[in-house]
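In what follows, a single structure is set out as structure tokens and then discussed.
The values are calculated or read from the model by the stated rules, or taken from the named source; none is laboratory data. In this text, all values refer to a predicted model and were calculated from it rather than measured experimentally. Glycine also receives a Cβ, built like all others from the backbone with ideal geometry; neighbour counts cover every protein chain displayed.
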Amino acid sequence: MNGQTDSHPRDDGLAKEMARALTSWFERSARALPWRHQPDPYRVWVAEVMLQQTTVAACIPRFERFIRRFPDIRSLASAPLEEVLAEWEGLGYYTRARNLWRAAGMVLEEYGGRLPSDLESLRRLPGIGPYTAGAIRSIAFDLPAGMVDANIRRVLGRVCGIRGAGAEAEREVRQMCFSVSSAGSPRTVNQALMELGSLVCLPRSPLCGECPLEDLCRARREQSFDCWHGSVPQASRTVRVEEVCVTASMDGLWLVSRPCDGRWRGMWEFPRARVEAGSSPDFEARALLERDFGLQPSGLQQTGSLRYRVTVHDTRLHVFRAWLPQPPSSAVREWRLCTPAELADVPLPNPMRRIARSLGAEGRDRLSLSVEKESAGA
Ligand code: SF4
């Protein structure tokens, strides 16, 4: 069984019929995606990591660029982390890039640069959870795997009539996925399930008339689509956050490093701070310069604001420009000065890149930021 231990056939007859229908549909309808025509383990791995929290359309050009820059595990493992983060810039959720880089180093050192195929070894690698391990096993090695993402959960929940939102329902979906993938070519069947979930079995209006599983599907039979595992609407949760951010120039633009733990570590940003309840952005911008760098600005002006969203946090960032009488003599965080031209080579999170782009060649704000669009996956 090569390390896959989590599943048993649930319903052999249904699994075989599903595998057959999915295979012929996928052979007719599969999209030509760059990671599909040459499914070697490294490319599959990079694609699966990139596709977490990034759309297929956004991934296509970035995948090709990433593979050109780092064509194999060795080139990725031997690149400086800062270069990998710079290449990842704009895709967001940078922990993915950091884990990919660390895992590439481990694969080079422990497996001679060849990605292992057994579940246990794959799961030891940073950033490879049950879903990604299943995707690599099935797509790259054509081995059966019970893998569950939102698309597969919804399709199998509906077709097999799996109710509930808990761990038992999740286990049933995983077992069914394993059974269906075992009943055909795991590479084809699992990709077909993913494709069906993203193109046909849509969350709100499934296109049952175009679905190869129409005759087998319980949700279709009962004309009831929202009561199954993976389809129950989730209550949305949003946490609103206010922050200030200061672009300050004194012989260059002033950047600080991100903390060495948490999101965006290894990257740089303009100094910023939370606006506490009852406080004001102007007060917090001054307090930030005073507290972290021991400086009072000789001038401070709000140049605009932008919004970005990461997971449930919906953040409004008030952007200020500060004029400084002198550079800081000491600071609580690592900092550096950059010219506006040098900013292009520094890894910046998305919101910071948007601010950097609004600065003119002299580091002066060329235009007022008033961007109110959300930036998912910043
Ligand atoms: S028949 Fe409809 S509900 Fe069932 S899997 Fe296909 S698209 Fe989804």
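Brief remarks on what is shown
- Filter pass, Arg272 being over 13 Å from Ile152 (Cβ atoms), touching a residue at least 24 places away in the same chain (Cβ under 8 Å) and within 12 Å of the ligand (Cβ to nearest atom): no
- Unique residue being over 19 Å from Arg36 (Cβ atoms), away from the ligand (no atom under 16 Å from the Cβ) and at pLDDT 95 or above when the list is Arg114, Arg171, Arg158: Arg114
- Sole exception among (1) within 11 Å of the ligand (Cβ to nearest atom); (2) among the aliphatic types (A, V, I, L, M); (3) within 19 Å of Arg31 (Cβ to Cβ) for Ala219, by number: (3)
- Just so you know, in region 41-69 the residues that are surrounded by fewer than 20 Cβ atoms within 10 Å (Cβ to Cβ) and of a type in the set (Lys, Arg) include one that is farthest from Asn190 (Cα to Cα), and it is Arg69.
- Counting the residues of region 267-290 that are loosely packed, with under 13 Cβ neighbours inside 10 Å and of a type in the set (Lys, Arg) gives 0.
- Restricting region 193-216 to residues that are surrounded by 14 or more Cβ atoms within 10 Å (Cβ to Cβ) and of a type in the set (Gly, Ala, Ser), the residue that is nearest to the ligand (Cβ to nearest atom): Gly197
- Leu108 within 16 Å of Ile136 (Cβ to Cβ) and assigned to a helix (DSSP H, G or I): no
- Residue pairs whose Cβ atoms lie under 6 Å apart, sitting 6 or more positions apart in sequence or on different chains, and linking a residue in region 178-202 that is under 19 Å from Pro39 (Cβ atoms) to a partner that is among the aromatic types (Phe, Trp, Tyr), are Thr188/Phe26; Ala192/Phe26.
- Helices (runs of 4 or more DSSP H) completely within region 1-101 that count 2 or more residues being over 27 Å from Gln175 (Cα atoms): 56-69, 73-78, 81-88
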